[in-house]
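Engineer: Before anything else, here's the structure in question.
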Amino acid sequence: MLSNRARIAVFVSGGGTNLQALIDAEKSGLLHSGQIALVVASRPGVYALERAKAAGIPAAVVDRTACAGQADFEARLLALLDEHAIDMIVLAGFMSILSADFTARYPKRILNVHPSLIPSFCGKGFYGLKVHEAALQYGVKVTGATVHFVNEIPDGGQILLQKAVEILPGDTPEVLQRRVMEQAEWILLPRATELVAREITEKGV
Ligand code: GAR
């Protein structure tokens, strides 16, 4: 049964700066139609878990490498989502691909943030720093970030928000990654999460 706020699970695999942006947005009221009810990490020991702990958010680890395979990994994720009565999922630096069986259970209920302007530098093999390395290698002068719905095609779901970010002379992948986070990801992800959470609460489904 849905309360007046959508219950959000945030899936992470690393440092969790996008998770932090969501936590901060909930504190400031920018994210008010949803509440972060669960954080799930695909690896033990990642810093994102510390951020969840500091914010008092329930957290769990489903170690991808300790699972029997994709079906086992996803069965464990689904059990957690059920247990915590989750309405929507935000992939915030989550480095595992989800199957069509999984994504079909949450149509227009899973969001992802990707550090480029989709359809550039996206799809299988493009994640984290690799995306920025590829953008610099290609020589594009503008990159950015995209928040999109997640379906069975990696980085192929409907685009919700995008923001362009300039590439500057002398940029390294690390410098560019930080600029894209600061100028785009940390702004877009909370905004898109609020949009979807609001739609869920208004529809009441
Ligand atoms: C972010 O740049 C995010 O866009 C990217 O990984 C980083 C995670 O940082 N995600 C992908 O590349 C997904 N394809 P964070 O753990 O500090 O949020």
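Each value in this text was obtained by applying a stated rule to the coordinates, not by laboratory testing. Keep in mind that this is a model prediction, so the values were computed, not measured. Glycine also receives a Cβ, built like all others from the backbone with ideal geometry; neighbour counts cover every protein chain displayed.
Engineer: So for the stretch 47-59 (the condition being in contact (Cβ under 8 Å) with a residue 12 or more places away in the chain and either away from the ligand (no atom under 16 Å from the Cβ) or among the polar types (S, T, N, Q) (or both)), does at least one residue qualify?
Structural biologist: There is at least one residue in the stretch 47-59 that is in contact (Cβ under 8 Å) with a residue 12 or more places away in the chain and either away from the ligand (no atom under 16 Å from the Cβ) or among the polar types (S, T, N, Q) (or both).
Engineer: Give me the residue from the stretch 21-46 that is among the polar types (S, T, N, Q) and in contact (Cβ under 8 Å) with a residue 40 or more places away in the chain and, out of that set, farthest from Leu188 (Cα to Cα).
Structural biologist: Step by step, filter the stretch 21-46, then rank; the result is Ser42.
Engineer: A further question follows. Could you run through the stretch 60-86 and say how many residues are assigned to a loop (DSSP other than H, G, I, E, B) and either surrounded by fewer than 20 Cβ atoms within 10 Å (Cβ to Cβ) or in contact (Cβ under 8 Å) with a residue 40 or more places away in the chain (or both)?
Structural biologist: Total meeting the criteria: 7.
Engineer: May I ask you to list the residues in the stretch 6-35 that are of a type in the set (Lys, Arg) and either crowded, with 18+ Cβ neighbours inside 10 Å or touching an Asp or Glu at 6+ places or on another chain (Cβ under 7 Å) (or both)?
Structural biologist: Arg7
Engineer: Sort through Leu176, Leu189 and tell me the only one that's touching a helix residue (DSSP H, G or I) at 6+ places or on another chain (Cβ under 8 Å) and closer than 14 Å to Gly93 by Cβ.
Structural biologist: Exactly one of Leu176, Leu189 is touching a helix residue (DSSP H, G or I) at 6+ places or on another chain (Cβ under 8 Å) and closer than 14 Å to Gly93 by Cβ, namely Leu189.
Engineer: If you scan the stretch 87-116, which residues turn out to be outside any strand (DSSP E or B), among the hydrophobic types (A, V, I, L, M, F, W, C) and surrounded by 20 or more Cβ atoms within 10 Å (Cβ to Cβ)?
Structural biologist: Result: Ala92, Phe94, Leu98, Phe102.
Engineer: Let me ask another. Please work out if Val62 is away from the ligand (no atom under 14 Å from the Cβ), among the aliphatic types (A, V, I, L, M) and within 19 Å of Met88 (Cα to Cα).
Structural biologist: Yes: the conditions hold for Val62.
Engineer: Just the residues that are on the phi < 0 side of the Ramachandran plot and either surrounded by fewer than 18 Cβ atoms within 10 Å (Cβ to Cβ) or not in a helix (DSSP H, G or I) (or both), please, taken from the stretch 166-178.
Structural biologist: Glu166, Ile167, Leu168, Pro169, Asp171, Thr172, Pro173, Glu174, Val175, Arg178
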